[in-house]
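Below is one structure; the comments refer to it alone.
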Amino acid sequence: MRFTVAIDGPAAAGKGTIGRAVAAKFGFGHLDTGLLYRAVGARMLAGEKAEDAARGLTPEDLGDPDALRTPDVAQAASKVAVIPQVRSHLLDFQRAFANRSGGAVLDGRDIGTVICPRAEVKLFVTASAEVRAQRRMDELAGRGLAANFAEVLADVKARDARDADRATAPMVAADDALVLDTSDMSIDEAVAAAVAAVEARKGA
Ligand code: CDP
């Protein structure tokens, strides 16, 4: 069975948490596509040309996800993500994952629009920039990383602007996506809404 759930949205909106919960609930695989861009960004910070890094990306580059989930790597990721050749090197891997049998959840920025335009379920998860910055602060604190709210908010806003304004695969809700504004929702409520959307489509 092929069944794809596409989850897009701006930085720190909770896509990963929702994606993991939906995947666990239905026994689907989950791919955080942001990690691919973060891994390319990390290799660029280490001195490699972004395009070469994307072409040569290996599973080992994703071996330590927490090392990639830092503000510096996030900024580098959104810079390499504007390069069309970087995006095209990462396309086949993402599409192959989406088509795996047993179902797949992918979260990112262009899953419902470019990677999987025929996904069975499309969600666009968002929240105010302030709420998202606070969630990222909490996540960093949970990993023992100190952060400054104003800096985290500025990072979130800078990446949103770069992601939404780029020419190739900009971040935008697909016409047929269900938009979930989670500003006033708990994570459990947001997960419940996403699960309900999948159940509605599976039963259809
Ligand atoms: O976790 P967070 O929402 O902060 O970011 P992420 O999903 O890990 O993505 C990091 C960066 O990768 C984003 O700011 C985008 O520039 C880029 N990205 C993208 O362009 N397309 C995707 N499908 C996923 C991420």
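The values are calculated or read from the model by the stated rules, or taken from the named source; none is laboratory data. The structure displayed is predicted, hence computed values, not measured ones. Glycine gets a Cβ as well: all are built from the backbone with ideal geometry, and neighbour counts include every protein chain shown.
A few remarks follow.
- LEU57 within 10 Å of the ligand (Cβ to nearest atom), within 27 Å of ALA158 (Cβ to Cβ) and either of a type in the set (Lys, Arg) or touching a residue at least 12 places away in the same chain (Cβ under 8 Å) (or both): no
- Considering segment 118-134, the residues that are farther than 25 Å from ALA200 by Cα and among the hydrophobic types (A, V, I, L, M, F, W, C) include one that is surrounded by the most Cβ atoms within 10 Å (Cβ to Cβ), namely ALA133.
- Only one entry of ALA104, ALA96 meets the criterion of being aliphatic (A, V, I, L, M), more than 18 Å from PRO10 (Cβ to Cβ), modelled with pLDDT of 95 or more and out of contact with any strand residue (DSSP E or B) (no Cβ under 7 Å at 6 or more places or on another chain), and that entry is ALA96.
- For segment 90-117, residues that are under 17 Å from LYS202 (Cβ atoms), buried (at least 19 other Cβ atoms within 10 Å of the Cβ) and among the polar types (S, T, N, Q) total 0.
- Test for ILE187: is it within 18 Å of the chain's Cα centre (by Cα) and surrounded by fewer than 17 Cβ atoms within 10 Å (Cβ to Cβ): yes
- Within segment 85-98, being touching a residue at least 40 places away in the same chain (Cβ under 8 Å), more than 22 Å from GLY47 (Cβ to Cβ) and more than 8 Å from the ligand (Cβ to nearest atom) holds for PHE93, PHE97, ALA98.
- Selection count where residues are away from the ligand (no atom under 11 Å from the Cβ) and touching a residue at least 12 places away in the same chain (Cβ under 8 Å), scope segment 21-41: 9
- Of all residues in segment 176-188, those that are at pLDDT 95 or above and among the small types (Gly, Ala, Ser) have Cβ atoms under 6 Å from Cβ atoms of residues that are surrounded by 12 or more Cβ atoms within 10 Å (Cβ to Cβ) and part of a loop (DSSP other than H, G, I, E, B), 6 or more apart or on another chain, in SER183/ALA127; SER183/SER128.
Every residue, every condition in (1) out of contact with any Phe, Trp or Tyr (no Cβ under 9 Å at 6 or more places or on another chain); (2) within 23 Å of LYS79 (Cβ to Cβ); (3) buried (at least 17 other Cβ atoms within 10 Å of the Cβ), yes or no:
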position: LYS15; (1), (2), (3): yes, yes, yes
position: VAL22; (1), (2), (3): no, no, yes
position: LYS25; (1), (2), (3): yes, no, no
position: ALA42; (1), (2), (3): yes, yes, yes
position: LYS49; (1), (2), (3): yes, yes, no
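- Among (1) within 13 Å of the ligand (Cβ to nearest atom); (2) over 21 Å from ALA77 (Cβ atoms), the one test that ASP160 misses: (2)
- Test: residue in segment 99-108 that is within 12 Å of the ligand (Cβ to nearest atom), of a type in the set (Gly, Ala, Ser) and either within 19 Å of ARG55 (Cβ to Cβ) or touching a residue at least 40 places away in the same chain (Cβ under 8 Å) (or both): yes
- Residue match in segment 40-58 (condition: within 21 Å of ALA11 (Cβ to Cβ), part of a loop (DSSP other than H, G, I, E, B) and of a type outside the set (Asp, Glu)): no
- Under the condition of being part of a helix (DSSP H, G or I), of a type outside the set (S, T, N, Q) and over 24 Å from PRO71 (Cα atoms), the residues counted in segment 90-143 number 10.
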